[in-house]
Amino acid sequence: MAKIERYKKAELVEYCKSIGLETTGKGKSILMEEALEYGNNEIRQAIEKGTGLELLTSKMEILAEEYANNLNSKIENRKEEMKGDDNSHYLIYRVLGITTTEGQLIDEYQNRYPHQKIVYQVVFLH
């Protein structure tokens, strides 16, 4: 769940519906207030029941999953973009005996971990 303050009205309406709040005829500011109140009540109730740690863990798992999905989506988009990238450096790979498939894997790895110099490692190990 992203910060609700960043939501556009349609996203906020969808979020409010997902937590069971009535949205008909309400403006963005009212919806935001009610959503924040809902969240605060959820926290208060969990603390009162002694389930605060479970609630926190659950929220962290949801957030981690959202971030992981977002990152995976960006990686897949970049892989698609890479298909249209300049591949003139593949000539160097071929001279060094690296197959096209291995070259593609090197490029993918470098895009995932840009601070690591995998090309040099592969060249010396190959």
Legend entry - Subset of the range 27-66 (residues that are exposed (fewer than 12 other Cβ atoms within 10 Å of the Cβ), of a type in the set (S, T, N, Q) and closer than 22 Å to Glu14 by Cβ): Ser29, Asn40, Asn41
Inset, instruction - Just give me the residues in the range 82-115 being assigned to a loop (DSSP other than H, G, I, E, B) and either in contact (Cβ under 8 Å) with a residue 12 or more places away in the chain or not hydroxyl-bearing (Ser, Thr, Tyr) (or both), in sequence order. - result: Lys83, Gly84, Asp85, Asp86, Asn87, His89, Leu96, Gly97, Ile98, Pro114, His115
Legend entry - Unique match (being touching a helix residue (DSSP H, G or I) at 6+ places or on another chain (Cβ under 9 Å), modelled with pLDDT of 95 or more and acidic (Asp, Glu)) among Glu5, Glu48, Glu54: Glu54
Inset, instruction - Restricting attention to the range 10-25, report how many residues are assigned to a helix (DSSP H, G or I) and either in contact with an Asp or Glu (Cβ under 8 Å, 6 or more places away or on another chain) or of a type outside the set (Val, Ile, Thr) (or both). - result: 8
Legend entry - Residues of the range 77-91 satisfying the condition of being in contact with a Gly (Cβ under 9 Å, 6 or more places away or on another chain) and not aromatic (Phe, Trp, Tyr): Asn87, His89
Legend entry - Test: residue in the range 59-74 that is at pLDDT below 95, in a loop (DSSP other than H, G, I, E, B) and more than 30 Å from Leu21 (Cβ to Cβ): no
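The values are calculated or read from the model by the stated rules, or taken from the named source; none is laboratory data. Computed from a prediction, not measured in an experiment: that's the story for all the values here. Using ideal geometry, Cβ is built from the backbone for each residue, glycine included, and neighbour counts are taken over all protein chains shown.
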